[in-house]
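Structure, as structure tokens:
The values are calculated or read from the model by the stated rules, or taken from the named source; none is laboratory data. Predicted model, so just to flag it, every value in this text is computed and none were measured. Note that each Cβ is placed from the backbone with ideal geometry, even for glycine, and that neighbours are counted across all protein chains shown.
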Amino acid sequence: MNRIDKKFREGKKLLSIYFSAGHPSLNDTVPILKKLQAANIDMVEIGLPFSDPLADGPTIQKSSTKALYNGMTTDKLFSQLENIRKYIHIPLVLMGYFNPIMQFGVEKFCECCKSIGIDGLIIPDLPVDVYHDDFKVILDKYNLYNMFLITPQTPEDRIRYIDKVSNGFIYMVSSASVTGAKNTFGDAQINYFQRISTMKLNTPTLVGFGISNADTYSSATKYSEGAIIGSAFIKFLEDEGVDKINEFVRSIRD
């Protein structure tokens with residue numbers, strides 16, 4: 001069974017963390033993963049830096065640019081993660097844009113993911129129908145899940161289709177904007193969370209974009225199986241460093 005499925009079967013509200021591989025320093029990837037696991041994070045999304053991250057806000061764009069400047073590449077990331085399953089047992093997801101994956105070679109990329117123990121992918125600019133028609137067979141071959149994003153503007157029939165072809169979880173974007181931390185959610189976002197919850201989807205949902213503190217985490221997980229934090233965690237890394245990761249996690253859950 002895929003580690004992502006196992007994690008959702010634990011029946012608790014999940015906290016997933018996103019960070020850009022190779023940031024703040026090139027060789028921070030594995031130390032960050034070890035610190036996050038020690039802090040009882042449920043799942044980690046490792047960002048594959050890209051020069052044109054259209055869906056990302058300024059904090060993640062900056063971290064991606066810094067990672068590329070540090071020398072992070074797809075090959076380098078796979079090299080860093082080569083023996084990661086000796087230390088890390090929680091689910092690991094690679095999140096990145098389709099262009100670098102296509103340039104690397106889709107099947108070669110998936111084969112590398114399987115060899116190091118990656119559980120799934122999030123590719124924001126890969127349409128679900130294109131995935132289903134052209135690439136699902138490849139990901140299935142390597143037991144990789146592919147998670148899709150929905151937004152408040154996604155039509156219900158599209159959400160139902162994503163639910164039908166999805167595995168792992170559905171990434172529920174909190175608002176129709178780029179990534180970025182927020183202190184609170186407004187009525188429109190809460191209504192959106194409630195609407196998706198009443199749809200009774202078969203696939204679990206995790207809320208992302210705008211989760212930054214205990215309040216936003218609590219609001220999001222009231223209507224979903226968990227939440228994803230990216231920008232706020234990256235900002236914390238820049239301000240406080242890798243060694244204090246446990247303090248960040250406690251601030252969200254305590």
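One table, with the values for the structure above:
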{"read-out": "Qualifying residue in the stretch 10-26 (condition: in a helix (DSSP H, G or I) and either under 20 Å from H89 (Cβ atoms) or among the basic types (K, R) (or both))", "value": "no"}
{"read-out": "Failed item, numbered, when K66 is tested on (1) in contact (Cβ under 8 Å) with a residue 40 or more places away in the chain; (2) surrounded by 21 or more Cβ atoms within 10 Å (Cβ to Cβ); (3) not small (G, A, S)", "value": "(2)"}
{"read-out": "Test: residue in the stretch 80-88 that is surrounded by fewer than 21 Cβ atoms within 10 Å (Cβ to Cβ), under 20 Å from Y171 (Cβ atoms) and either touching a residue at least 40 places away in the same chain (Cβ under 8 Å) or not charged (D, E, K, R) (or both)", "value": "no"}
{"read-out": "Test: residue in the stretch 141-158 that is of a type outside the set (G, A, S), within 30 Å of G105 (Cβ to Cβ), surrounded by fewer than 13 Cβ atoms within 10 Å (Cβ to Cβ) and touching a helix residue (DSSP H, G or I) at 6+ places or on another chain (Cβ under 9 Å)", "value": "yes"}
{"read-out": "Test for I116: is it more than 16 Å from the chain's Cα centre (by Cα) and at pLDDT 95 or above", "value": "yes"}
{"read-out": "Some residue of the stretch 230-244 being over 23 Å from K62 (Cα atoms) and β-branched (V, I, T)", "value": "no"}
{"read-out": "Test: residue in the stretch 45-56 that is buried (at least 23 other Cβ atoms within 10 Å of the Cβ) and touching a Pro at 6+ places or on another chain (Cβ under 7 Å)", "value": "yes"}
{"read-out": "Residue, surrounded by the most Cβ atoms within 10 Å (Cβ to Cβ), within the stretch 120-138, restricted to residues that are touching a residue at least 24 places away in the same chain (Cβ under 8 Å) and farther than 25 Å from M199 by Cβ", "value": "F135"}
{"read-out": "Selection from the stretch 38-97 of residues that are under 17 Å from the mean Cα position of the chain (by Cα), at pLDDT below 95, in a loop (DSSP other than H, G, I, E, B) and not charged (D, E, K, R)", "value": "L48, P49, F50, P53, L54, A55, G57, G96, Y97"}
{"read-out": "Failed condition for L77, given (1) of a type outside the set (G, A, S); (2) over 16 Å from L48 (Cβ atoms); (3) in contact (Cβ under 8 Å) with a residue 40 or more places away in the chain", "value": "(2)"}
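Rundown of residues vs (1) more than 24 Å from S218 (Cα to Cα); (2) of a type in the set (A, V, I, L, M, F, W, C); (3) touching a Ser or Thr at 6+ places or on another chain (Cβ under 6 Å), yes/no style:
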position: F8; (1), (2), (3): no, yes, no
position: L15; (1), (2), (3): no, yes, no
position: H23; (1), (2), (3): yes, no, yes
position: T29; (1), (2), (3): yes, no, no
position: K34; (1), (2), (3): yes, no, no
position: A38; (1), (2), (3): no, yes, no
position: I41; (1), (2), (3): no, yes, no
position: V44; (1), (2), (3): no, yes, no
position: S51; (1), (2), (3): yes, no, no
